[in-house]
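Reading through the structure tokens given below for one structure.
The values are calculated or read from the model by the stated rules, or taken from the named source; none is laboratory data. Here the structure is a predicted model, which means the values were calculated and not measured. Glycine gets a Cβ as well: all are built from the backbone with ideal geometry, and neighbour counts include every protein chain shown.
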Amino acid sequence: MGAEANCTARFDGKTTKGKARLETETLEFRGGGVRLSIPFKQIQKVTARDGALEVDSAGGPLSLMLGDAAEKWAFKIQHPPSRLDKIGVKPDWRVSALGVDDEAFLAELERVVSQLSIGRALKESDAIFFGVTKETQLSRLEKLKASLKSNGALWVIRPKATAKTGGPAVPERAVMAAGKAAGLVDVKVVSFSPTQTAEKFVIPVAARASR
């Protein structure tokens with residue numbers, strides 16, 4: 001979402017000024033020594049009243065004086081975008097999914113898009129979702145690029161860092177380098193699931209006409 005506002009906050013018995021930010025999955029506030037990042041899933045109640053956004057969570061009640069924006073923020077917290085919304089999936093898409101083991105996501109796609117191929121890349125795909133668990137798998141990006149429409153998107157889905165590994169099995173730097181080597185540019189990153197991140201790559205506009 002990325003909405004932000006300078007405002008006054010009341011939290012833990014204190015009133016302070018700072019900046020509030022509404023992200024896709026979290027409500028954040030920074031200012032006056034207060035640093036908050038509240039996941040939507042931990043919010044127990046949210047209301048907008050007289051220009052104030054009132055939020056109850058496990059960390060305690062928070063009030064943000066947002067004025068006319070309070071109702072809009074409350075609505076967005078109560079109705080966060082779905083995973084398909086964040087990705088921008090369209091009903092007329094031809095979609096390919098390779099190495100994706102998220103059954104719920106595949107079912108969501110199947111219900112929405114016009115054509116879904118699992119395990120094989122369709123020619124002229126509007127989107128290709130490529131799940132990787134090892135850095136060596138990134139060498140397939142150039143081949144998968146050939147199956148994209150000129151304005152299509154290749155999403156690389158990789159594991160997030162864990163406390164056990166101390167870092168992701170497939171580092172971001174490796175994904176970025178592989179995308180560049182394949183002649184792609186990265187344009188977006190989303191939290192795909194609690195354990196996975198997805199990076200979006202596209203063919204540069206200047207290179208599309210020659211395809």
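Listed here are the residues, each with its yes/no results for (1) surrounded by fewer than 15 Cβ atoms within 10 Å (Cβ to Cβ); (2) modelled with pLDDT of 95 or more; (3) over 30 Å from TRP155 (Cα atoms).
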{"residue": "GLY33", "(1), (2), (3)": "yes, no, yes"}
{"residue": "GLN42", "(1), (2), (3)": "yes, no, no"}
{"residue": "ALA52", "(1), (2), (3)": "no, yes, yes"}
{"residue": "VAL55", "(1), (2), (3)": "no, yes, yes"}
{"residue": "ILE77", "(1), (2), (3)": "no, no, no"}
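Condition test on LEU36, is it under 23 Å from the mean Cα position of the chain (by Cα), part of a strand (DSSP E or B), touching a residue at least 24 places away in the same chain (Cβ under 8 Å) and within 26 Å of LYS200 (Cβ to Cβ)? Spell out how you get there, then give the answer.
On the way: under 23 Å from the mean Cα position of the chain (by Cα): yes; part of a strand (DSSP E or B): yes; touching a residue at least 24 places away in the same chain (Cβ under 8 Å): yes; within 26 Å of LYS200 (Cβ to Cβ): no.
Against the criterion (under 23 Å from the mean Cα position of the chain (by Cα), part of a strand (DSSP E or B), touching a residue at least 24 places away in the same chain (Cβ under 8 Å) and within 26 Å of LYS200 (Cβ to Cβ)), LEU36 does not qualify.
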With respect to SER125, is the statement that it is under 13 Å from ALA97 (Cβ atoms), of a type in the set (Ser, Thr, Tyr), assigned by TED's automatic domain parsing to the domain that holds ASP101 and touching a helix residue (DSSP H, G or I) at 6+ places or on another chain (Cβ under 9 Å) true?
yes
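So, in the stretch 90-121, of the ones that are part of a loop (DSSP other than H, G, I, E, B) and surrounded by 18 or more Cβ atoms within 10 Å (Cβ to Cβ), which residue ends up farthest from the chain's Cα centre (by Cα)?
Going residue by residue through the stretch 90-121, those that are part of a loop (DSSP other than H, G, I, E, B) are 90-93, 99-102, 113-114, 119-121.
In the following step, the residues that additionally are surrounded by 18 or more Cβ atoms within 10 Å (Cβ to Cβ) were identified as 93, 100, 102, 113, 121.
Details: TRP93: 19, VAL100: 16, ASP102: 16, VAL113: 19, ALA121: 23 Å.
For the stretch 90-121, the residue satisfying everything is ALA121.
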Flagged in the stretch 30-58 as in contact with a Ser or Thr (Cβ under 8 Å, 6 or more places away or on another chain) and not β-branched (Val, Ile, Thr), in numbering order, are GLY31, GLY32, GLY33, SER37, PRO39, PHE40, GLN42, GLN44, ALA52, LEU53, GLU54
With ALA206, ALA161, ALA178 as the choices, which residue is assigned to a helix (DSSP H, G or I), of a type in the set (A, V, I, L, M, F, W, C) and surrounded by fewer than 19 Cβ atoms within 10 Å (Cβ to Cβ)?
ALA206
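Quick check on GLY183: is it at positive phi, in a loop (DSSP other than H, G, I, E, B) and either at pLDDT 95 or above or crowded, with 17+ Cβ neighbours inside 10 Å (or both)? Let's see the steps before the verdict.
Numbers: at positive phi: yes; in a loop (DSSP other than H, G, I, E, B): yes; either at pLDDT 95 or above or crowded, with 17+ Cβ neighbours inside 10 Å (or both): yes.
Considered against the rule, which asks whether it is at positive phi, in a loop (DSSP other than H, G, I, E, B) and either at pLDDT 95 or above or crowded, with 17+ Cβ neighbours inside 10 Å (or both), GLY183 comes out as yes.
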Among residues of the stretch 57-89 being among the small types (Gly, Ala, Ser) and outside any helix (DSSP H, G or I), the residue nearest to VAL187 (Cα to Cα) is GLY88
Residue pairs, Cβ under 6 Å, 6 or more apart or interchain, first in the stretch 117-136 and of a type in the set (Ser, Thr, Tyr), second assigned to a strand (DSSP E or B). List them.
SER117/SER96; SER125/ARG94; SER125/SER96; SER125/LEU148; SER125/GLY152
What is the number of the single condition among (1) in contact with a strand residue (DSSP E or B) (Cβ under 7 Å, 6 or more places away or on another chain); (2) modelled with pLDDT under 95; (3) exposed (fewer than 15 other Cβ atoms within 10 Å of the Cβ); (4) not polar (S, T, N, Q) that PRO81 does not meet?
(1)
